[in-house]
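Engineer: What follows is a structure written as structure tokens; I'll ask about it next.
The values are calculated or read from the model by the stated rules, or taken from the named source; none is laboratory data. Note that this is a predicted model, so its numbers are computed, not measured. Please note: Cβ atoms are built from the backbone with ideal geometry, for glycine as well, and neighbour counts cover all protein chains shown.
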Amino acid sequence: MIICLALIAAGILLRQADRWWHTPRRSHRPLTTLYEVRAFQRDRANNHTPALLLLGHWIELAGWALITARTGPLGWAAVVVAGAVKMRHLQEVSHFAVHGVLTRTARRGAVLAEAAVHVPLGFVPITVRRQRHVREHHPNATVTGADPNLQELHDAGLHPGISRAQFARALVFPLTPTGTAATVRGIHANLRTSTTRWWRLAGFIAVPAALLLATGWQGALFAFVLPRLLLYPQLSWMSLLVEHRWWDAEAVTGPPAVVEAARCLRLYPHNPLLALIARGSWLPYGDLFHYAHSAHPAVRWNYLPTLERHTVGIPQATVDAFLLGKTAVVRRHLQALTAPARPAASQSPEQFRAEQPA
């Protein structure tokens, strides 16, 4: 058990190098403008601390996997949760590689994200993810027929006219048999999107195979297979739900900050404890600050809280809870989906302008 805990601690400590190197507190003066943030980000950009960051997550996951051979069902359940959280963290780190700001050069970040995240977790090639996320989602968030993320929610059953029972089932879609089958099909499709798919498949199999050899079937099952197929997709699904006002966003025009303020959500703006827990688990690496990211997608996660405090503020819609309460995300989405009339969020900016009086 000492070795397990030592690996977990070593992984956590190794990740702090990137946090320390990029912390805004290292700036000689407060970063109060977008120009200052970007200048400091360029100055701190490097190719070494991101590699240590990703390596730290995998070392920590190895420590959790070793625990499975020394515990029972309760320990196995804890490892499933820890494994899913690690995968969420890896997903979000690679998300900033997709935007080209993980390392000093976008190319180096793409290679690093492929090797440490996309291949071992069975994601699509990073070029495909960049096309879907940067070119299709970001300019068209909440726009029906243009936003692939909104289409993903629709395919899971979240669309206007849904019943309460259907809505409840869609909230846990990745945990349902249909959702799990979709995850498996997605991984299979991801591994076949590249002409060199043999090495992507080999890289994906290598992780559970290594865990099987090192920790037995328990490590492979509870630290990788179950998190990857069940709990990680659910955590990622919850993250997707809290990003935007998917079905009641206002169609507005103007600078990016104005447009995103009308269609983003901000979770836990008045609850620092829940915000801290979310940032450490299912909304890591700037995911909690999605409005700041949407307004300025070329800014690294380390500086999004600074942007929120000094530049963009918070969006129009804030929610104090995910599941329960009058302002919970779940309640807000249900009201939007069961409203009598279809909300204007489905309109593109061009459609909105065309319908305005001359």
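Okay, residues lined up against (1) surrounded by 16 or more Cβ atoms within 10 Å (Cβ to Cβ); (2) out of contact with any Phe, Trp or Tyr (no Cβ under 9 Å at 6 or more places or on another chain):
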site	(1), (2)
Met238	yes, no
His244	yes, yes
Thr253	no, no
Arg279	yes, no
Leu288	yes, no
Ala292	yes, no
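Engineer: Still on this structure: Go through region 234-327 and tell me which helices (runs of 4 or more DSSP H), entirely inside it, have 1 or more residues that are of a type in the set (Lys, Arg).
Structural biologist: Answer list for region 234-327: 256-263, 272-280.
Engineer: Quick one: which residue in Leu121, Leu52, Leu74, Leu102 is closer than 26 Å to Arg279 by Cβ, surrounded by 22 or more Cβ atoms within 10 Å (Cβ to Cβ) and among the aliphatic types (A, V, I, L, M)?
Structural biologist: Leu102
Engineer: Being within 20 Å of Ser239 (Cβ to Cβ) and surrounded by 14 or more Cβ atoms within 10 Å (Cβ to Cβ) is the filter here; which residues of region 160-172 pass it?
Structural biologist: Phe167, Arg169, Ala170, Leu171
Engineer: Suppose we filter Arg70, Arg44, Arg15, Arg26 for residues that are under 29 Å from Thr306 (Cβ atoms) and out of contact with any Lys or Arg (no Cβ under 8 Å at 6 or more places or on another chain); which single one remains?
Structural biologist: When all the criteria are applied, what remains is Arg15.
Engineer: Please verify whether Arg245 is among the charged types (D, E, K, R) and either free of Cβ contacts under 8 Å to residues at least 40 places away in the same chain or over 27 Å from Ala295 (Cα atoms) (or both), treating the condition exactly as stated.
Structural biologist: No; evaluated as a whole, the condition is false for this residue.
Engineer: Could you please let me know if Ile8 is of a type in the set (Val, Ile, Thr), touching a residue at least 12 places away in the same chain (Cβ under 8 Å), in contact with a Phe, Trp or Tyr (Cβ under 7 Å, 6 or more places away or on another chain) and more than 19 Å from Gly203 (Cβ to Cβ)?
Structural biologist: yes
Engineer: Could you tell me whether Ala141 is among the small types (Gly, Ala, Ser) and either modelled with pLDDT under 95 or touching a strand residue (DSSP E or B) at 6+ places or on another chain (Cβ under 8 Å) (or both)?
Structural biologist: Criteria met by Ala141.
Engineer: Moving to a separate point now. Consider Leu175 carefully, then state whether it is in contact (Cβ under 8 Å) with a residue 12 or more places away in the chain, farther than 18 Å from Asp287 by Cβ, surrounded by fewer than 21 Cβ atoms within 10 Å (Cβ to Cβ) and out of contact with any Cys (no Cβ under 6 Å at 6 or more places or on another chain).
Structural biologist: Against the criterion (in contact (Cβ under 8 Å) with a residue 12 or more places away in the chain, farther than 18 Å from Asp287 by Cβ, surrounded by fewer than 21 Cβ atoms within 10 Å (Cβ to Cβ) and out of contact with any Cys (no Cβ under 6 Å at 6 or more places or on another chain)), Leu175 qualifies.
Engineer: Across region 271-304, what is the total count of residues that are under 13 Å from Leu31 (Cβ atoms), touching a residue at least 60 places away in the same chain (Cβ under 8 Å) and not polar (S, T, N, Q)?
Structural biologist: 4
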